[in-house]
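Trainee: So that we are looking at the same thing, I have put the structure below in structure tokens.
Values in this text are rule-based calculations from the coordinates and carry no lab data. Since the model is a prediction, treat every value here as computed from it, not as a measurement. Please note: Cβ atoms are built from the backbone with ideal geometry, for glycine as well, and neighbour counts cover all protein chains shown.
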Amino acid sequence: MLVKALIAGVFALCVFTSCGGTTAGGPGTGGGQGATAYCASALIPGDLISPAAGTTGVSTAVGSVSFSVADARMLAGSLTLYPTVGAPVQGGAITGTAANAAASVPLLQNQTTYRAQLAANIPGDLCNPRASILGTFTTGS
């Protein structure tokens, strides 16, 4: 009975946290070529610096987004802005340090909320790709 309960608990944990598998996948899947490891979380903490998370009225010509991230290895990745409607916007090359990094961004849509997210494949990490959800901001008035 205890063994059945333990197996059921492990299965439930896998369902809610995405245990590793043998195929490539998104954050938390433990994906990667032949990966069989368990990934409790593929999220790396991070924060928007400018524009600050939750800011409204951001210029569509903001030009760049600055942020911090808990793991400097994430700086080898890329910044993507996900609008509430429309195609994702890819940021330029990331410069700076983990405490204050930045990436250029093109002209943005007016009156649109963007979720800023950093993604990176960290060499040797079985939980690739790793992600940092930095926060959201809204353009326009």
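Trainee: Around T136, what is the net charge, scoring Lys/Arg as +1 and Asp/Glu as -1 over all other residues with Cβ under 15 Å from its Cβ?
Mentor: Details: positive: R115; negative: D47.
Spelling it out: positives minus negatives among the neighbours equals 0.
Trainee: With 10 angstrom as the radius, rank S68, S50 by how many other C-beta atoms surround their C-beta, starting from the fewest.
Mentor: On the way: S68 17, S50 14.
Placing the least packed residue first, the sequence is S50, S68.
Trainee: Further question on the same structure: Under a Cβ-Cβ cut-off of 14 Å, what is the net charge of the residues other than D125 that fall near it, where Lys and Arg count +1 and Asp and Glu count -1? Could the numbers behind the result be given before it?
Mentor: Details: positive: R73, R130; negative: D71.
Combined, the nearby Lys, Arg, Asp and Glu give +1.
Trainee: Tell me the net charge near T80. Cut-off is 14 Å between Cβ atoms, T80 excluded, with +1 for each Lys or Arg and -1 for each Asp or Glu.
Mentor: Working: positive: R115, R130; negative: none.
Around T80, the charge tally is +2.
Trainee: Could you put L118, L48 in order, starting from the residue whose Cβ has the fewest other Cβ atoms within 10 Å?
Mentor: Placing the least packed residue first, the sequence is L48, L118.
Trainee: What are the radius of gyration and Dmax of region 55-118, computed over its Cα atoms and given in Å?
Mentor: 11.6, 33
Trainee: Using the basic label-point model (7 angstrom from Cα toward the beta carbon), what is the N110 to Q90 distance in nanometres?
Mentor: A separation of 2.8 nm, rounded to one decimal place.
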